[in-house]
1. Condition test on Asp114, is it under 30 Å from Lys8 (Cβ atoms) and in a helix (DSSP H, G or I)?
2. Give the residue, chosen from Gly382, Gly439, that is at positive phi and either free of Cβ contacts under 8 Å to residues at least 40 places away in the same chain or in a loop (DSSP other than H, G, I, E, B) (or both).
3. From the list Leu115, Leu96, which one is closer than 19 Å to Thr484 by Cα, surrounded by 17 or more Cβ atoms within 10 Å (Cβ to Cβ) and touching a strand residue (DSSP E or B) at 6+ places or on another chain (Cβ under 7 Å)?
4. So Thr325 clears everything in (1) over 21 Å from Ala532 (Cα atoms); (2) surrounded by 12 or more Cβ atoms within 10 Å (Cβ to Cβ) except one condition, right? Which one?
5. Criterion first (buried (at least 21 other Cβ atoms within 10 Å of the Cβ) and among the charged types (D, E, K, R)) does Asp101 satisfy it?
6. For Glu261, which of the numbered conditions (1) surrounded by 12 or more Cβ atoms within 10 Å (Cβ to Cβ); (2) at pLDDT below 90 fails to hold?
7. Provide a single number: the residues in the range 192-227 that are under 33 Å from the mean Cα position of the chain (by Cα) and outside any loop (DSSP other than H, G, I, E, B).
8. Are any residues in the range 175-191 without any contact (Cβ under 8 Å) to a residue 60 or more places away in the chain, hydrophobic (A, V, I, L, M, F, W, C) and either surrounded by fewer than 23 Cβ atoms within 10 Å (Cβ to Cβ) or assigned to a helix (DSSP H, G or I) (or both), and if so, which ones?
Amino acid sequence: MWRSPLPKIPGYYLLGVAGRGQFGRVLCAYHVAWRCLVALKELDKHRFPTHKLLRELRFLIDLNHPNIAKCFTLLYTDQHRYLVLEYCEAGTLRDLMRCSDCLTPRQRVRLVIDLLKGLEYAHNLQIVHCDIKPENVLLQLSNEGWRVKVSDFGIAHLLEESEQHLGSCTGSPAYMAPERFYGQFSCSSDLYAVGIILYELFTGNRPFTGTAEELMTAHLHQRPPDLERLPAPLQGIVQKALAKLPAQRYSSAGAMISALEQAIADLPVDSTPSFPVLTVPSSWGQRQGTISAMTSWRKEKLLLAIANQVLVMPQQDSPQPLLTTHHPIQQVEQVGDYLFVKTDQALLRYPLANPSGGVLLYQTKQPYTAAIAPCGSWFAIGRGETLEIRSLRYRKSYQLILQQREILAVQALDAHYLVCLVRKRNAPENRLVFLSRRGQVLGRVAVPYPAKQIVKSTTPYRLLVLLAEPHPALLLVDLLPYRTRRLPLPFVPQFVTATPWGYAIASNQVLMLFDLMGQNVGNLAFSQTISAVTAWQLDQLAVAEGCHLHLLNLGELGVDLIF
């Protein structure tokens, strides 16, 4: 998992390319000594000469604010120079704007207020950013939703340089104030760019589009169109922020913050999103006993767990008994030619060619969580503070005690690595702890919300993290590079199932369907509580609600997916 074609840098695990800028790549890395993620901003010596590097570094050293991406140090290697920056795992504001349907009006305004707070601090130090745009607004997840971090001060200027006419017209024309096209700038130039971002957050489009020349003409002479598309409390704010003359805009970032804070009170109260739901007929088959777990077997068959029995169901035929355990079954998983069965007191392995020849792998009377390697050669058990990894091939065992950390869930990432979701005792703090199959801790990453379960996606090195109350959401966590995305839900998810086409998220009697990009593509309502879900064949879904089993053809139901 941690092997990469990227250059090796002592003291860092390089996890991939997080982005690309004007002067080089931005790498996601894990700092071994600091035990945290950092961003390495790669600076090409030819495109980013030393005097520009020293200029940006001078600004970054002076800036220390919760809403500005922090610079830790400067790193030199034989090939490159890097700025070591605070890592923002939730991407950019541009990424969030692509799925802005998940944002409430108040959340959008709060993002802009955070942006203005960072700019207010910089302006008080006489620093004008000069390139505010969604791509330069980074995001971190927080308990409140998102935390804004202003980044990329590469073309920033000091106010005193404006008086000496040392400015330039470099920047992003779509977000440049009129005076910026003539090499002039002031603090209100940044506020103009913020006004465009606010307009774009609510309308989905920038007020002006076109070539660089067309954008210059529009910024200089045209009024922002369709202001009525904005909520009424924000129309006057955007109009003032986008005034052509700097003197007619807000006098400071603080003044614009005050206006937005007053406008928030008149915006609709935040609420969980609602989704249209399709009711599923309740007459699609009935079986005896509550189905507690399911998995597909060789694509054409289903394995059902009912009480302490596993049954096999070929196509539409009645299920036939396959094996029986001594305790109620919680989970079944097929790996290669074996079926792994987790009960409330034991983990067992059965050869599918001879299900009567089961082997007891682990036994306990305490609550535990288990994970099976994709190759089936080892498994991991989490119980309390203890993590145990056992090799089935070499009969070896590795044990690790996570001091003061309760293991909530374990998941195998590939044949070599695994991840644990842990919680600090008597504290809401959660972490993802990454380990090798021999128990070596490779890294730790904080999860800003109370979580209860992790599920591996069919997308390589992507995890689904189920959040506990009071956060009705699901986190999509990509590991290479490390990125997170928050999917708001109208309920606290009970469990999630990964499928080749996306994710099925269940809670009580509702099943929400998302594609691999995290877009909601359909929702199904059932008459009873959903107890198990699994993908079956390419376009079908098996859903158990108590003793009822539904075999759903998603194409026939009109779900917005391409199979």
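1. no
2. Of the residues listed, the single one that is at positive phi and either free of Cβ contacts under 8 Å to residues at least 40 places away in the same chain or in a loop (DSSP other than H, G, I, E, B) (or both) is Gly439.
3. Leu96 is the lone residue from the list that is closer than 19 Å to Thr484 by Cα, surrounded by 17 or more Cβ atoms within 10 Å (Cβ to Cβ) and touching a strand residue (DSSP E or B) at 6+ places or on another chain (Cβ under 7 Å).
4. Unmet condition: (1).
5. Judged against the criteria, Asp101 is not a match.
6. Evaluating Glu261 over (1) surrounded by 12 or more Cβ atoms within 10 Å (Cβ to Cβ); (2) at pLDDT below 90 leaves (2) as the failure.
7. 13
8. Phe181
The values are calculated or read from the model by the stated rules, or taken from the named source; none is laboratory data. Note that the coordinates shown come from a computational prediction; the quantities given were computed from them, not determined experimentally. Using ideal geometry, Cβ is built from the backbone for each residue, glycine included, and neighbour counts are taken over all protein chains shown.
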